[in-house]
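Written out below as structure tokens is the structure these notes cover.
The values are calculated or read from the model by the stated rules, or taken from the named source; none is laboratory data. Quick caveat: nothing in here was measured; it's all calculated off a predicted structure. Every residue, glycine as well, gets a Cβ built from its backbone with ideal geometry; the counts of neighbours run over all protein chains shown.
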Amino acid sequence: MIDTILDLTQKYPFVLAFILGLLPALIWLWFWLKEDIHPEPAKMITLSFLGGMAAVLFVLPLQTIVYHYFKNQEFLSFALWSSIEEILKFVFVYFIAIKNKKVAEEPVDDIIYLIVSALGFVTFENTLFLMPAISGGDFFNVIVHGNLRFVGASLLHIMSSGAVGISLALAFYKTEKQKVQHIISGLIIAIVLHTAFNLFIINGVEKNLLLIFGTVWIGIVVLLLMFEKVKHIKKDIL
């Protein structure tokens with residue numbers, strides 16, 4: 001029985017990789033959706049999640065081009081990779097949900113949709129990351145890397161996209177020019193956070209991992225505090 005399961009997972013590695021990539025995202029999705037006192041339509045949540053997954057298909061070839069031309073320039077490569085991911089995550093969900101004010105009708109909605117898109121993105125990213133180990137039957141590394149990405153990559157994408165969402169939410173009742181300024185500033189913050197995380201992970205030694213992940217958790221706490229603040233934004237006080 002066990003041999004049969006192992007054979008199936010190695011024959012169809014994408015299925016198991018997708019399940020393992022999806023489960024953490026569903027946990028985070030449940031957590032953030034329950035924070036929204038006015039739940040978003042299930043259709044738009046699903047589309048935003050799928051939009052985040054679709055963004056990966058556009059990110060990968062662009063990152064390959066960056067690697068080809070800048071592989072010897074570590075900082076620039078990571079900065080460009082992070083920029084590509086954060087911008088495309090935002091663009092996809094912006095046109096799917098955020099642009100439509102009948103759907104994104106209150107400030108907190110911007111944050112929710114961006115986080116949902118980020119979870120879709122990290123689901124597909126984790127799937128692709130886990131596939132080689134599953135194909136090779138290296139289930140120890142599947143478990144180890146799966147847990148690390150659950151804590152690291154998932155939280156990173158939530159934090160970075162959440163930063164864009166917070167910035168946009170704070171400008172929800174402001175002019176279009178101010179909204180654009182907030183989007184740009186939010187993306188810059190997200191790109192800086194994303195780039196810094198990747199550089200620390202690549203160059204950090206094992207003893208620094210706890211500090212790195214601890215810092216990300218602090219970022220999530222700050223995001224939650226800002227999320228609560230955004231809930232109380234009213235048009236008449238801006």
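Test of understanding: among 15, 122, which residue is more than 24 Å from residue 171 (Cα to Cα), over 17 Å from the mean Cα position of the chain (by Cα) and not small (Gly, Ala, Ser)? Step through it out loud before you land on a result.
Values: 122 fails: over 17 Å from the mean Cα position of the chain (by Cα).
Of the residues listed, the single one that is more than 24 Å from residue 171 (Cα to Cα), over 17 Å from the mean Cα position of the chain (by Cα) and not small (Gly, Ala, Ser) is 15.
Can you say whether residue 114 is farther than 19 Å from residue 170 by Cβ and in contact with a Leu (Cβ under 8 Å, 6 or more places away or on another chain), as far as the supplied structure shows? Full working, then the answer.
Details: farther than 19 Å from residue 170 by Cβ: no; in contact with a Leu (Cβ under 8 Å, 6 or more places away or on another chain): yes.
The answer is no for residue 114.
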Practice item. Tell me, yes or no, whether region 58-73 has at least one residue that is modelled with pLDDT of 95 or more, out of contact with any Asp or Glu (no Cβ under 6 Å at 6 or more places or on another chain) and aromatic (Phe, Trp, Tyr). Key: yes
Practice item. Confirm whether residue 36 is in a helix (DSSP H, G or I) and modelled with pLDDT under 85. Key: no
Study note, to complete from the structure: When every residue in region 36-56 that is hydrophobic (A, V, I, L, M, F, W, C) and within 10 Å of residue 89 (Cβ to Cβ) is compared, the one surrounded by the most Cβ atoms within 10 Å (Cβ to Cβ) is 55
Check your understanding: Are there any pairs, at least 6 apart or on different chains, whose C-beta atoms fall under 8 Å, with the first in region 54-76 and touching a residue at least 60 places away in the same chain (Cβ under 8 Å) and of a type outside the set (Gly, Ala, Ser) and the second loosely packed, with under 14 Cβ neighbours inside 10 Å and assigned to a helix (DSSP H, G or I), and if so, which?
Key -> 74/202
Exercise for review: Among the numbered conditions (1) modelled with pLDDT of 90 or more; (2) of a type outside the set (A, V, I, L, M, F, W, C); (3) loosely packed, with under 12 Cβ neighbours inside 10 Å, tell me where residue 3 comes up short.
Suggested key: (1)
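Suppose the filter is modelled with pLDDT under 90 and surrounded by fewer than 17 Cβ atoms within 10 Å (Cβ to Cβ); does residue 238 pass it?
Working: modelled with pLDDT under 90: yes; surrounded by fewer than 17 Cβ atoms within 10 Å (Cβ to Cβ): yes.
Against the criterion (modelled with pLDDT under 90 and surrounded by fewer than 17 Cβ atoms within 10 Å (Cβ to Cβ)), residue 238 qualifies.
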Revision key, fill the gap. Just one listed residue, out of 218, 201, 184, is at pLDDT 90 or above and either part of a helix (DSSP H, G or I) or within 24 Å of residue 95 (Cβ to Cβ) (or both), and it is 184
